[in-house]
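Comments concern the structure below.
The values are calculated or read from the model by the stated rules, or taken from the named source; none is laboratory data. Just so it is clear, the model here is predicted, and its values are computed rather than measured. Cβ atoms come from the backbone with ideal geometry, glycine included; neighbour counts cover every protein chain shown. Just so you know, the surface numbers come from the protein's heavy atoms only, side chains and all, with ligands and any DNA or RNA stripped out. Shrake-Rupley method; radii C 1.70, N 1.55, O 1.52, S 1.80 Å.
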Amino acid sequence: MTVSAETGVNKRIDFEDLVRHDRVHGRVYYDEEIFRREVEQIWRKEWVFACHDSEIAQPGDYVTRLVSLVPLVITRDEDGDIHAMINRCPHRGNVLCMRDSGSAQVFRCAYHGWTFNNGGKLLGRTFRAGYAPGYGKEGEELNLVPVPRLETYRGFVFVNFSPEGPSLIETLGAAVPHLDRYVDRSPTGEIDIVGVEKMVIRANWKMPLENSVDDYHAGFVHRGIWDMDEDLRKVWYSTEDADSEAVNIDLGNGHTAMDFGSGIRTVGGGVTESVVPDEVQREYEDSLRRRLGEEGANAVLKQAVPHMMVFPNLFMLQNDLRIITPVGVRTTHYYHYVFNLRGADPLINRARLRRHEVSYGPAGMVLQDDIEVFERNQAGIESRIGSGEEWLDLSRGLHRESTNSLGQPTGRTKDEIAQRAIWKHYKDRMTQS
Ligand code: FES
Ligand SMILES: [Fe+2]
């Protein structure tokens, strides 16, 4: 018998019941069993962003990351090839590399001293005479274990723990043009990660996922900066105007984008004409025209910076990338990467960095507000466990959803179309066999 989630007492998980078109049950944010299933159905089957290739630019460079609850070491070998391997020594399972990043030709396990090259191949076992001839021959079974699939798109390195399934580009699908426009702001079409801020959130990973494409909260949660910046406040109100170009788009596969159109392009900090000398801005724009042509450059320069959530963990906004990493049902790492536009004048990149600091740096005026709300939201949801009052409303804008010229479900930026798109995909994944 399936009992409605509203009773809150039946432990059977029925995602058709928990996730509906206009609401979601609070249990999906705190239930340990649901979290375990998410790891299997989403994090171990979807393409998950792992790192950017500029973080491992040179042969020998590596980063370590927790991806899908698995510690990985991601390296670039002497031939320039990228490897994503489980950061675990095959001898007795010790985590191999403890540093966040660095450069190494050889990794030596701290426990008994086995060594591996940066492609994962076993180089040597200490006191080798202790191993019987023919036992555990130094073949593939003693190398570091690679993640089954690794693909990159425009420098973004994704991994997939499932050996089969759609390719990365198929999965990115309709998100690709937005991602292209995001990177095409660079004169060379490439970006360089230059720093990271790390946060631990005491909330479920889906809080930042939903929040990333939620314009509804901005004027309330970020009231502090809105009160200081009248233009920002006006823009936020204007997205409710009947003639506003700003829309939220369901890109499919759980990907969502907030597209502010051409009318308010200075929002987002990607266009820097007001804070760099005219000649610097002119050269920047000319560099885009040389690479992309007039039409291509205009598509970048006359549109707001893409603001997109690539399901399940890569948030691209303004001058920053944010990565969502669940480590438990109530604990999430939220890493915020700052990058340079490769080839842009240092004044432009410096202006972008200053813009980042104002909003998202350690003393910034935006991100900290969001983190506070995630934790309050988690606490509020958990305060009513089993009460029968656990439903969370997602109905805003249902009556005025439409489709754009590409056939993508579209709505006002303050409508909950993006959240519904995320939950629709979530339910698809969670109910797949
Ligand atoms: S666990 Fe790595 S050498 Fe023993
Ligand atoms: Fe926010």
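Data for the structure
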quantity	calculated
Cα-based convex hull, segment 185-430, per residue volume (Å³, whole number)	143 Å³
Local electrostatic count, residue 431, Cβ distance below 14 Å [Lys/Arg +1, Asp/Glu -1]	+1
Table column - 3J(HN,Hα) (Hz), segment 47-63, Karplus curve with 6.51, -1.76, 1.60, x for Gly and Pro	6, 10, 5, 10, 6, 10, 5, 6, 6, 10, 5, 9, x, x, 5, 8, 10
Whole-Hz ³J(HN,Hα) from phi, Karplus 6.51 cos²θ - 1.76 cosθ + 1.60, for segment 337-354, glycine and proline x	9, 9, 9, 9, 7, 4, x, 7, 4, x, 5, 5, 5, 5, 4, 5, 5, 4
Along each principal axis, Cα extent of the chain, largest first, Å	78, 68, 40
Residues residue 162 and residue 372, FRET efficiency given R0 of 35 Å [Cβ-Cβ distance, rounded to 0.05]	0.45
Of 198/424; 302/414; 206/424; 198/414; 45/427; 45/424, those spanning more than 20 Å from alpha-carbon to alpha-carbon	198/424; 302/414; 198/414
Value at 222 nm in deg cm²/dmol, rounded to 500, when DSSP H runs of n ≥ 4 in the chain each add -39,500 (n - 2.57)	-8000 deg cm²/dmol
From phi via Karplus (6.51, -1.76, 1.60), per-residue ³J(HN,Hα) for segment 156-161 in Hz, x at Gly/Pro	8, 9, 10, 10, 9, 7
Highest-first arrangement of 333-340, 49-56, where packing means the average Cβ count within 10 Å	49-56, 333-340
Accessible surface, segment 48-160, averaged per residue in Å² (probe 1.4 Å)	49 Å²
Any cysteine of the chain lacking a neighbouring Cys Cβ under 4.7 Å - listed by number	51, 97
Sites residue 92 and residue 363, calculated FRET efficiency, Cβ-Cβ separation with R0 41 Å, nearest 0.05	0.40
Gain in span if fully extended, residue 231 to residue 99, counting 0.36 nm per residue against the direct Cα distance	43.2 nm
Largest to smallest principal axis extent of the C-alpha atoms in segment 48-160, angstrom	47, 25, 22
Protein accessible area in segment 48-160, 1.4 Å probe - carbon and sulfur %	50 percent
Under 15 Å, Cβ to Cβ, from residue 70 - net charge with Lys/Arg +1 and Asp/Glu -1	+3
Extension gain, residue 123 back to residue 379 (0.36 nm per residue minus Cα-Cα distance, nm)	87.2 nm
Relative contact order for segment 292-361, counting Cα pairs under 8 Å that sit 6 or more residues apart, in percent	18 percent
Separation of alpha-carbon centers, segment 35-85 and segment 370-433, rounded to whole Å	28 Å
Dipole of the chain, positive end: most advanced residue of 71, 298, 47 [Cβ charges, Cα centre]	71
Rounded FRET efficiency, nearest 0.05, which uses the C-beta distance separating residue 196 from residue 402 and R0 of 51 Å	0.85
Neighbour net charge for residue 53 - beta-carbon separation under 12 angstrom, K R +1, D E -1	-3
Linear extension gain, residue 302 paired with residue 240, 0.36 nm per residue minus alpha-carbon span	20.2 nm
